[in-house]
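Asker: A single structure is presented below for examination.
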Amino acid sequence: MSMITPSTRSRGPNKGGARRNENNRIYANPLPIIFNEPPPSRIRSVLNTLGLSLTEVVSPHCEGIFDPITRSVWVTSSKHTMLLWRRGFFGKGDLSRSEPSWLARQINNRRVGGKQMTSEEVTAKRRAERRQFKLDRAAAIAAVAAEAEAIFETEGRVIKPALSGPAIPSAATWRPAPAPVPETPATPTLEEEEEPVELEPIEDIEHLQLTLQEAFFLAWSLDCLTVLDPHTNDAMTLKQIWHAFQIAHLPPTLPPAPSPPLQFDNPFLINYVVYHHYRSLGWVVKGGIKFCVDYLLYKRGPVFTHAEFAMVVCPIYEDSEDQETSSLDLQNSSPFAWSWLSTINRVNSQVQKTLILVYVTIPARSRLSLDILNTPACLQHYSVREVTIRRFIPARMRD
Amino acid sequence: MDDSLEQPTALLAKSPPSDQVEEEDDQSSDEEDGGLDWTKLPGIARPVIPKRGEKDFEPKPGGGSGLQLHVLDRARAAMFDALRATRTISSKAVSYAIWYPNIGRSHVTLAKGIHFSSMGHSAPRPVLEENGKEKIQKRLELLPEETIYLVERGSLFCWKETDVDLSAPGMDGVAGVPMTVQQVHTEMIGIEDLTLEKYQVYTYLKRLGYAVTRTNPPSSYYPTPPPWPTATQPKKRLTIFQRILSIFPLWTSRLRRLLAGGFDWWRPLRISRWLHHDKNYGSLFRSLRFMSAGHNVPLHHPNPEKRLEKQKSSPYQIFYNLYKPSTPFKRSAPPLPDFQIVVINARTTPMPTLQELTDLFDELPTLPPPLPRQRRHIPPQTSTTVAANTRAADPGAIVNTVAPPPVTPARTLNPLPSPPVPRQSLIRRIFPWAFAPLPPQTTGQVRRPHPFMALKAGRKLIVIAVVDAGSISFFRFGQGDFTEWPMA
């Protein structure tokens with residue numbers, strides 16, 4: 001299973017080579033659409049020279065249920081879930097960090113001494129080890145300080161207690177203590193091993209949640225997703241989806257009242273423009289709340305590389321009066337304070353990401369009719385531009 | 001302000017051999033400001049700004065143990081000794097100037113030392129000759145920030161212009177009222193658009209060795225660099241070819257779209273059943289690129305007059321031109337600057353708006369994409385090295401490990417030191433054709449800009465110095481160029 005990473009983290013020169021090949025195979029398709037090459041034949045080569053081909057374009061049809069309250073689309077079929085994750089890294093498991101791996105974790109928990117761990121388990125183990133390392137190091141430093149103290153008291157010599165050195169473990173030298181071997185007799189373990197067989201199979205209760213941007217991209221741009229209405233369970237038309245996804249971001253109205261009028265500064269529209277733009281440039285776009293930003297851009301995908309860019313979406317009203325009269329208070333639509341820029345830049349440079357401000361212009365109401373919001377044609381009036389942020393360190397730029 | 005503020009402390013930790021063996025722990029941050037080891041200072045000599053030491057362990061409860069208190073007292077005493085020393089200047093090295101408040105300049109009457117190769121400018125001023133005639137004579141003058149900087153660092157003795165008769169007996173060698181450092185500060189900050197923030201940025205950069213000049217000449221005889229070359233010229237041969245290649249499929253897809261009728265906003269994706277070059281992910285992604293993006297898209301303004309008004313009153317105006325210490329600088333004819341800087345007060349000015357950034361970028365030249373770090377030529381027989389190199393270049397190789405700094409792969413994989421890369425000044429980068437071509441560095445290997453580096457650098461660059469009550473953070477704002485560097 002792809003979601004399972006080997007627990008042995010070798011540090012040799014071929015580190016992860018096999019795993020990378022495996023990932024290249026599993027995640028070979030960057031989008032859910034695939035191109036089926038027909039077997040080589042003479043007709044095919046003749047057609048190829050004419051610029052024609054028999055390659056079949058296979059567009060899968062996944063299903064998801066729109067959930068207006070969480071502003072997401074839930075994909076419950078495990079086949080669709082895996083397809084959407086493996087071909088383009090769409091969505092997130094609701095019980096997992098990214099890839100829906102809840103079931104695999106449960107199965108691992110049942111198997112005593114399971115050799116394979118999910119990415120969440122690897123992280124948890126690493127964190128526990130890191131914590132133990134810090135405790136060990138602090139204890140070693142305190143011991144060296146106490147020794148220096150004793151020498152000063154008795155001999156009057158001043159020794160600066162070292163903060164590092166042979167007596168103090170560093171991140172490179174520290175090794176976790178070997179796990180205590182269970183001293184239980186052999187017979188009970190046998191019983192334990194037999195036990196899981198009798199357990200009933202675990203039912204996968206996890207679903208994949210797609211943000212509305214992801215869902216609309218799949219449904220509209222790629223035609224790979226059918227969105228079901230939560231009340232009727234019928235497939236929604238693109239027009240209904242377009243409308244419903246915008247309404248989901250507007251302040252709710254009581255049922256008898258008609259739905260509120262559409263607005264140019266709808267967060268769905270702004271985020272969709274950004275999401276679509278970077279997807280169309282070939283980036284894998286994921287949420288970035290972990291690093292104080294709106295989106296993270298991965299080259300190829302999260303299993304291959306760390307995210308390279310951290311994007312903060314800054315909506316810009318073409319007409320500042322629209323901002324004053326709007327019923328929405330858009331995040332980052334007014335320039336933020338320098339302290340906040342320093343904060344997010346510090347967080348992101350610490351994890352080797354470059355901060356990008358993504359400015360999205362919101363068309364002025366005075367130049368367009370509101371009717372244009374009824375179709376995706378309104379998207380052509382928005383524009384995206386990036387400003388890259390990096391610290392400038394004069395002391396390091398001298399030559 | 002500490003000159004070594006930004007320098008990593010890696011070398012410092014391996015100090016005297018008498019100390020216990022100390023290794024630099026990767027946990028100790030290079031930015032953290034540790035205590036100064038004043039005890040290492042020579043007591044009576046002229047004060048030197050010391051290097052920073054390592055952070056100590058937290059004090060023992062009850063105000064510290066005996067050893068801790070002893071070490072602290074020793075350090076404190078050393079600090080007071082160092083501060084108590086009298087600052088002195090050698091009379092051989094000191095320059096003299098007279099401050100004229102009415103024109104906001106100080107006239108250098110005696111110039112000594114190397115400072116004046118990058119500071120001051122000559123200005124023609126009327127001089128009353130002995131026969132009573134007025135004559136225009138050129139003289140060396142300093143701007144307020146230059147004067148304060150030199151006075152503060154003890155290189156300049158500044159008089160203030162006075163009405164007192166200086167020819168009276170006993171006034172030999174007196175050119176005016178002597179000014180103190182405090183007086184220089186209070187009188188000169190606020191003159192010629194100089195704010196305290198701008199002075200702090202100026203002095204910080206000067207101490208690091210940069211040449212700093214004003215971008216907008218304060219008077220007509222202030223020397224200025226030549227104007228930026230027009231944006232059409234600086235194109236690299238390599239990128240032209242790349243651009244043609246990247247434009248071509250876009251153009252064909254547009255043509256096909258035109259033939260197939262208008263763009264249907266309800267069905268944005270169209271894959272032809274029969275055409276061959278539609279059938280890959282590259283063209284699939286390209287056909288999805290229909291959002292308008294990039295800094296060339298015009299910004300709409302419902303009220304152009306109001307916008308012009310805002311542009312004029314914006315605090316985001318380029319103030320200083322910056323030249324690296326290594327850039328050959330001629331005071332009377334400064335070259336094109338290496339960087340341009342905007343200085344703002346963090347407490348009163350929010351982040352720039354998109355419009356303000358656009359206005360700044362409009363004034364700046366387009367920079368070519370940065371070239372990757374020079375690698376050593378790889379001999380053909382070591383195919384393993386090549387494989388290792390490509391692996392190191394592949395970011396996938398560092399998944400789930402702590403990403404090493406970008407230099408390490410090249411350095412560790414090539415045990416021999418790489419040949420020194422000739423430094424390329426900004427002009428050289430802009431006009432590559434105006435210079436003799438650099439000797440080829442790699443044989444058979446063309447260096448291409450790495451997309452990530454190009455994306456991070458952006459096409460244009462402005463440095464904004466944000467001063468918050470004396471602490472300066474510098475940010476580079478780059479004009480992003482993601483549309484030019486697609487990943488698929």
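The values are calculated or read from the model by the stated rules, or taken from the named source; none is laboratory data. Quantities reported herein were computed from a predicted structural model and do not represent experimental measurements. Cβ: placed from backbone, ideal geometry, glycine included. Neighbour counts: every protein chain shown. Heavy atoms of the whole protein, side chains included, go into the accessibility calculation; ligands, DNA and RNA do not. Shrake-Rupley method; radii C 1.70, N 1.55, O 1.52, S 1.80 Å.
Asker: If amide hydrogens are placed 1.01 Å from N in the peptide plane, which non-local residues have theirs closer than 5 Å to the one on A:Leu52?
Answerer: Here B:His276 satisfy the definition.
Asker: Let me ask you something else. Once you place label points 7 Å from the Cα toward the Cβ at A:Ile289 and B:Ile271, how far apart are they in nm?
Answerer: 3.4
Asker: Now for a separate question. To the nearest 10 Å², what's A:Arg367's accessible area with a 1.4 Å probe?
Answerer: 90
Asker: Hey, what number do you get for chain A at 222 nm if only DSSP H runs of n ≥ 4 count, each worth -39500 (n - 2.57), divided across all residues, to the nearest 500?
Answerer: On the way: 11 runs with 134 residues, N = 399.
Rounded to the nearest 500, the figure is -10500 deg cm²/dmol.
Asker: Quick one: if you stick a label point 7 Å off each Cα along the C-beta vector at A:Asn29 and A:Arg111, how many nm between them?
Answerer: Between A:Asn29 and A:Arg111, the simple spin-label model gives 2.7 nm.
Asker: Next question. What percentage of all Cα-Cα pairs in region A:252-399 are separated by more than 23 Å?
Answerer: The calculated P(r) of region A:252-399 puts 45 percent of pairs beyond 23 Å.
Asker: Could you tell me the center-to-center distance, by alpha carbons, between region A:264-296 and region B:67-139 in angstrom?
Answerer: 55
Asker: Right, something else. As an exercise, use a Förster radius of 60 Å and the Cβ-Cβ distance of B:Thr86 and B:Asp362 to find the FRET efficiency, rounded to the nearest 0.05.
Answerer: 0.70
Asker: When you look at the Cβ of every residue in B:355-362, what mean number of other chain Cβ atoms sits within 10 Å?
Answerer: Mean inter-chain Cβ contacts per residue within 10 Å come to 1.
Asker: Mind jotting down the distance between the C-alpha centroids of region A:346-399 and region B:317-341, whole Å?
Answerer: When both Cα centres are located, 30 Å separates them.
Asker: At q = 0.09, 0.11 Å⁻¹, what is the log10 ratio I(q)/I(0) for chain A, with the Debye formula run over Cα points and no solvent?
Answerer: Once normalised to I(0) and log-transformed, intensities are -0.78, -1.04.
Asker: Quick one: net charge around A:Arg157, please, counting Lys, Arg +1 and Asp, Glu -1 for every other residue with C-beta under 12 Å from its C-beta.
Answerer: Here the count lands on -3.
Asker: Same structure, new question: What is the mean number of Cβ atoms from other protein chains located within 10 Å of the Cβ atom of each residue in peptide A:280-289, rounded to a whole number?
Answerer: 4
Asker: Please compute the contact order of region A:106-178 in relative form: average sequence separation of alpha-carbon pairs under 8 Å and at least six residues apart, divided by the residue count, as a percent.
Answerer: 29
Asker: Check which residues have an amide H placed less than 5 Å from B:Phe474's amide H, if you skip close sequence neighbours.
Answerer: For B:Phe474, the qualifying residues are A:Phe392, B:Val466.
Asker: Under a 1.4 angstrom probe, counting protein chains only, how are A:Thr325, A:Thr123, B:Thr224 ranked by accessible area, largest first?
Answerer: So the residues, ranked largest to smallest area, are A:Thr325, B:Thr224, A:Thr123.
Asker: What area, in nm² and to one decimal, does the C-alpha convex hull of region B:95-193 cast on average over all directions? Present the calculation step by step, with values, prior to reporting the outcome.
Answerer: Numbers: hull surface 28.3 nm².
Its Cα hull, projected and averaged over all orientations, spans 7.1 nm².
Asker: Still on this model: For region A:97-148 and region A:16-71, compute the distance between their C-alpha centroids and round to whole Å.
Answerer: Going from one Cα centre to the other spans 38 Å.
Asker: Further question on the same structure: In nm, give the distance between the simple-model label positions of B:Glu130 and A:Ala150, each being 7 Å from the Cα along the Cα-to-Cβ direction.
Answerer: Taking the two extended label points, one gets 8.6 nm.
Asker: Relative contact order for region A:252-399: what is it in percent, counting Cα pairs under 8 Å that are at least 6 residues apart?
Answerer: Over region A:252-399, the number comes to 24 percent.
Asker: Would you mind checking the pairs A:Lys290/B:Lys279; A:Lys290/B:Lys312; A:Lys290/B:Lys306; B:Lys310/B:Lys330; B:Lys330/B:Lys460; A:Lys286/B:Lys456 and listing those with alpha carbons more than 29 angstrom apart?
Answerer: A:Lys290/B:Lys279; A:Lys290/B:Lys312; A:Lys290/B:Lys306; B:Lys310/B:Lys330
Asker: Moving on. Please give the length that would be gained between B:Lys112 and B:Lys310 if that part of the chain were fully extended, namely 0.36 nm times their separation in residues minus their C-alpha to C-alpha distance (nm, one decimal).
Answerer: Gain in length upon complete extension: 66.8 nm.
Asker: A further question on this structure: So, R0 is 41 Å and r is the distance between the beta-carbons of B:Leu166 and A:Arg396; what FRET efficiency does that work out to, to 0.05? It would help to have the intermediate numbers written out before the result.
Answerer: Details: r = 48 Å, r/R0 = 1.18.
With R0 = 41 Å, the Cβ-Cβ based efficiency is 0.25.
Asker: Here's another thing I want to ask about it. What is the sum of charges around B:Asn216, taking Lys and Arg as +1, Asp and Glu as -1, for the other residues whose C-beta is under 15 Å from the C-beta of B:Asn216?
Answerer: Charge balance near B:Asn216 sits at -2.
Asker: Can you give the FRET efficiency to the nearest 0.05 for A:Thr123 and B:Asn345, using r as the Cβ-Cβ distance and R₀ = 56 Å?
Answerer: 0.85
Asker: Within 10 Å of each Cβ of A:350-362, how many other protein chain Cβ atoms are there on average? Don't skip to the answer; put the middle values down first.
Answerer: Details: counts 1, 2, 6, 1, 5, 2, 6, 6, 3, 8, 3, 6, 0.
The shielding value for this peptide is 4.
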